[in-house]
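What follows is a set of notes on a single structure, which appears directly below.
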């Protein structure tokens, strides 16, 4: 039975994002109790007992693989909703894509977590596979809908990157992102079919020191690297779209991003066939990062200019310029987080690659694992904060609340991941015997930062949940607004 | 005016950030406190001279339990203790098998064949580190006349021993380091247990990170415990559960990680099994591997030896 609220949650962009965000929050809230300090406090035992989880230690690796895939699917769904909202396509296409990706991630989430954590129920396993198949299908129809060489989608604004024929290069970038995400998903799926069917799950960080990896092990390593990189590139494109990036930075940035997507993907795929794949990846990721840099330059120029214009200032002092730049944390935040990436993720990755034999392979494997795990947790979480800031803006977080929400999110997450950086690199400055104080302090900062971020995230979700019970809440205005747009056929 | 205020704010923010970083790093590098159990519980829970016969059999090896077969062998019931290692050091020094140099114990190793593997390092014949004597983490020292042990650690597993030092000890007593396969078989036997003592792990089973044993300080530093500590005895307020492995070995989960003897083609790494006092419980699963260069020494890594049955 369709009610206005179910229509909002299952058909409108904001409602769909809220649903996916809420489900991610639920999974994080429950599954987050299974590790970290929650174990010491005995919360894990309560969760396991009350929910009837079956945590066979032999299957831990497989469970982790299922857990982060289910969260990733929901994040991908959020990106898809943002893309279908941002680009013109027919209402039918938008509905079909959104419905398929929604059915896909929810089915995969329920099936994957059900199978992994509540006994090996084969019906759940089937649901998981069905969910993933739906996600692949959603990506195919998204790629078709994004095809940029349709005349009705040609750009009319000469300040936006476009081909000579008039086709939108930004749309082309999203199209390529979708196509290469599909290919990269298949790379993981083929290997996953082999390892999954034999229940030979393993974590990528556990096999990095094997001198001879099998083709399928290499495929898994390529897959996990490229999927996160593509989500990161997608987040950058989404933010550029939101900030209405245009001008020279857009015209230069879009081709760089397209090349970055193609070369990084091909590099990651070629991990299966050549030991020199990482050189290709360096080239691709550098292009992608340059494109992101252009977005940051655009944002840092455009945001203060826009704000100063509203204040009527034509010749601002440096202080006024900074004040204008920092005026809106939700718009400044994603740009800042992209810079912060360079210290906590990209910089670490490059340093690690350059000093691998000299430093990291001298450390015990466990230390190298900590760096690797910290590396992609930080990357994934920072992308999460960027998307959350975008959604908070879409969800109408305004005024003082916007300031508090944005700044706490930026500062808390950066404190946490800055501390992660010190923790993962601690062996550069302290020995195992003398590390405890550093470990305690960084852990405290990590827990405080993550705790605050999660409280903020929970508060945001609670606010929107309460809003859903109001007759004329934000949700009713949002769906009315979106329906108005849909009546025009395309947005 | 606004510009000046904002400039001050920026300086203040920079100062606060700088102070935060300093406060995180300040004091790092301090010795951990002495754990409360060190002076109270000094005796081994199991006789460290005990050896256990492991019968020949086939068993499921590794996380995915691929079947392999092993011959019969003998293995130490506990990790080698500081007292045992001290005795060896004194004997080896007296007979010129090791030498002291710059506060370290060095010993000769015949070298490994180099295959030019990716990331492989050469291990040429030569003298290699066995044990640092002046490192704050070392429990064995040299006072100019002979070797001594930090009081209370006599029956704790010897740590800060490199792979070279571990294999030299085993050779000296007529044995060798266990292969990874032998180590895992001795831990799990012929069933599918993920931990040496069974299917689950709790604080009363093993000395792992944050396991709340008497050898953990208030600051969170987790120290070694005497070998065989988890034998079902009660130590003050701390009740242990008797936690032998399938074949009756102790400390195969936690306490000190254990060097194993395999030398793999195109690798210079040596493998460590059994988790440790400084690792979470999931690292104590019987198939979990850590690896390091053979000169690596750690307050969390020790070893035990095997002998062929004949």
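Throughout, read-outs are computed from the coordinates displayed, never taken from laboratory work. Keep in mind that what you see is a predicted model, and the values were worked out from it rather than measured. Counting neighbours? That spans all protein chains shown, and the Cβs are built from the backbone with ideal geometry, glycine included.
Averaged across the residues of B:196-205, what count of C-beta atoms belonging to other chains lies within 10 Å of each residue's C-beta?
1
What is region B:247-301's relative contact order, in percent, from Cα pairs under 8 angstrom and six or more apart in sequence?
36 percent.
For A:424-436, what's the mean count of beta carbons from other chains sitting within 10 Å of each residue's beta carbon?
What the average comes to for A:424-436 is 5.
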Just to check, using Stokes-Einstein with a Kirkwood Rh over alpha carbon pairs, what's the diffusion coefficient of region A:148-240 at 20 °C and 1.002 mPa s in µm²/s?
137 µm²/s
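How high is the relative contact order of chain A, in percent, counting Cα pairs under 8 Å that sit 6 or more residues apart? Working shown, then result.
Numbers: 568 pairs, mean separation 68.0, N = 491.
Reported relative contact order: 14 percent.
What 222 nm value per residue comes from the helices of chain A, counting each DSSP H run with n ≥ 4 as -39,500 (n - 2.57) and dividing by all residues, nearest 500 deg cm²/dmol?
Estimated from H runs of four or more residues: -25500 deg cm²/dmol.
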Segments B:246-256, B:185-195 sorted - mean Cβ within 10 Å per residue, highest first:
B:246-256, B:185-195
Size descriptor, Kirkwood hydrodynamic radius, that averages inverse alpha-carbon separations across region B:249-299, Å:
11.3 Å
Kindly express, to the nearest 10 degrees and within the range 0 to 90, the angle between helix B:163-172's C-alpha long axis and the longest C-alpha principal axis of chain B.
30 degrees
Let me see the pair-distance distribution of region B:91-195: every alpha carbon pair, 5 Å bin width, integer percents in order.
2, 10, 16, 19, 17, 14, 12, 7, 3, 1, 0
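Among B:286, A:296, A:43, which comes first, second and so on when ranked by fewest other beta-carbon atoms within 10 Å? Let's see the in-between values first.
Working: B:286 28, A:296 18, A:43 15.
Ordered from fewest to most neighbouring Cβ atoms within 10 Å, B:286, A:296, A:43 come out as A:43, A:296, B:286.
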Per-selection metrics, region A:215-324 (Cα): Rg and Dmax in Å:
18.2, 61
Fewest-first sequence of B:153, B:169 by Cβ atoms within 10 Å of each Cβ:
B:153, B:169
So what's the angle, to the nearest 10 degrees on a 0 to 90 scale, between helix B:2-25 and the longest Cα principal axis of chain B?
20 degrees
Over 13 Å [Cα-Cα, region B:29-91], rounded percent:
77 percent
Quick one: check the C-alpha center-to-center distance for region A:20-81 versus region A:319-335, whole angstrom.
35 Å
Between the alpha-carbon centers of region B:154-214 and region A:289-311, tell me the distance in whole angstrom.
58 Å
Subtracting the Cα-Cα distance of residue A:300 and residue A:200 from 0.36 nm times their residue separation yields 31.2 nm
Relative contact order %, region A:371-455, counting alpha carbon pairs below 8 Å whose residues are six or more apart:
38 percent
State the dimensionless ratio Rg/Rh of region A:112-174 (Rg: radius of gyration of Cα atoms; Rh: Kirkwood radius).
1.36
Would you please calculate the Kirkwood hydrodynamic radius of region B:155-291 over all C-alpha pairs and express it in Å, rounded to one decimal?
15.3 Å
Could you please state, rounded to a whole Å, how far the C-alpha centre of region B:280-302 is from the C-alpha centre of region A:200-231?
22 Å
Using a 10 Å cut-off on Cβ to Cβ distances, tally the other chain neighbours for every residue of A:54-60 and report the average as a whole number.
5
Between helix B:82-94 and chain B, what is the angle of the helix's C-alpha long axis to the longest principal axis, kept within 0 to 90° and rounded to the nearest 10?
70 degrees
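Output the peptides A:167-177, A:355-365 sorted from most to least packed, where packing is the average of other Cβ atoms within 10 Å over each peptide's residues.
A:167-177, A:355-365
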Over region A:76-145 - Rg/Rh using Cα atoms and the Kirkwood inverse-distance radius
1.09
Computed from every Cα-Cα pair in chain B, P(r) in 10 Å bins starting at 0 and rounded to whole percents is 6, 26, 31, 21, 8, 4, 3, 1, 0
Interatomic Cα distance distribution for region A:1-136, bins of 5 angstrom, percent
2, 10, 17, 20, 17, 13, 10, 6, 3, 1, 0
Values of log10 I(q)/I(0), in the order q = 0.06 Å⁻¹, for the protein assembly as shown under a Debye, Cα-only, solvent-free model
-0.44
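Arranged by the count of other C-beta atoms within 10 angstrom, fewest first, what order do A:13, B:159, B:217 take?
In order of increasing Cβ crowding within 10 Å: B:217, A:13, B:159.
Sum -39500 (n - 2.57) across every DSSP H segment of at least 4 residues in chain B, then divide by the residue count to get the 222 nm mean residue ellipticity, nearest 500.
-6000 deg cm²/dmol
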